[in-house]
DNA sequence: GTCTATAGCCGGATAGAC
DNA sequence: GTCTATCCGGCTATAGAC
């Protein structure tokens, strides 16, 4: 049970190599060496390196999706959401999944076949976020004005994008998360303090509806 | 003047190939063919493909930085900021610079030498954003509570990350920008309607300062 | 399913002519 | 600065033994 067959080891090795050498440095030979199998086995099981990458994309996606859905299901405030996101990010940095996804996103920009798997997992990531937005805005003046689904996709996309830049272009702990926590607290205050119910704000919110919420797709 | 020397054409071709074939599909041969020069010339001018990529990273970065700095200098509201960002994004999609940057970020995650150029342009992108945040919060209850520099880096990083996912994992016009515009309007209202000055909010803002604003680096 | 061996192409990089 | 020619190593993929 703990002894994986060659097929599984190859897939596991692909994730490792993707994280370590990137999409630029990946090859059947390197993967085979990492998995400690012969090079021919890679092609026997997956046909081509491209097809293997497609399988890797599905794997990485499935891992992300199941974890995220469970963990985001129970948060009650924006601050909780950010705290949970921070923890999830740390885990994905440590296990290398995020580094692999970064390479797969670059590869998917070129090879259209890789996209559906990544898109599917992104949808599953955004879904619980939309649920939380719905709960948070329920009963406030924002209900019916903000559209939870596209907003959640924007929020999830921003966060995923930020994760992918971490360690390359910025340090997420120094910059983004620090400030996101502040914004989240601010958002929680605005949502809970009833300020949105004031006459001034209510009147101005009509303008938001006017130019933003009706989308002619 | 309109006739570029081989050296420049090679660099230009590198950007084109990066956007079209990605970091996985790039090679001295392909670049040479695109630039319509001999393969040897690539190595004569740049030494190695890796070094050429480093130069490409500096080029792409410089292009982004100068444009962004000028264009973000004059926005007056969050809504303006989002509108300008949308326009900048469209331009960078069309000219292929964004596609090249996407590949360079993936490459920089593996090769540390590529990072400084990308980081430098990111810093130049975040700087005007920090200035706008300073202006927008000046005179409100948020002044002194939000830390403009890390917040700007978080905002800029989220947006850049989102840009890099556009067309691969999501469609920025359908999801993110639509909702970002709504959030921006909402933010503008909160900032301008004076709701932040109410006693309830002022009291609660102390808590934000307590756990977020003092950073022990 | 897994191996060794091999075909044949493509890649980085250099030598030397112009 | 730019070219042609070339070396050699790595890469994908397949054939055939076990």
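An oblate overall shape is assigned to the range B:1-47, the ratio a/c of its alpha-carbon gyration tensor axes (a ≥ b ≥ c) being 1.5 or greater and a/b not exceeding b/c. Of the residues A:34, B:197, B:173, the one with the fewest other Cβ atoms within 10 Å heads the list, and the complete ranking is B:197, B:173, A:34. For the segment B:140-149, counting C-beta atoms of other chains within 10 Å of every residue's C-beta and taking the mean gives 2. Just so you know, the Cα atoms of the protein assembly as shown work out to an Rg and Dmax of 23.0, 72 Å.
Anisotropy class assigned to the range B:68-213 is prolate, per the alpha carbon gyration tensor with a/c at or over the 1.5 cut-off and a/b larger than b/c. Among the residues of B:123-129, the average count of other protein chain beta-carbon atoms within 10 Å of the residue beta-carbon is 1. Can you list, shortest first in nanometers, how far residue A:199 lies from the same residue in the other copies, with each label 7 Å from Cα toward Cβ? For residue A:199, the inter-copy label distances come out at 1.9 nm. The residue of chain A whose Cβ sits closest to the rotation axis that maps A onto B, together with that distance in whole Å, is A:161, 1. Computed over chain A, relative contact order equals 21 percent, with contacts defined as Cα pairs under 8 Å that lie 6+ residues apart.
Position residue B:119: other-copy label points at 3.6 nm, ordered by increasing distance, label point 7 Å along Cα→C-beta. The C-alpha atoms of chain B define a longest principal axis, and helix B:6-21 lies at about 60 degrees to it.
In nanometers and ordered shortest first, the copy-to-copy spacing of the residue B:135 label point, defined 7 Å from Cα toward Cβ, is 4.0.
Here, each number is a calculation from the coordinates, and none is a lab measurement. Owing to the predicted nature of the structure, the values given are computational and were not obtained by experimental measurement. FYI the Cβ positions are ideal-geometry reconstructions off the backbone, even for glycines, and counts take in every protein chain you see.
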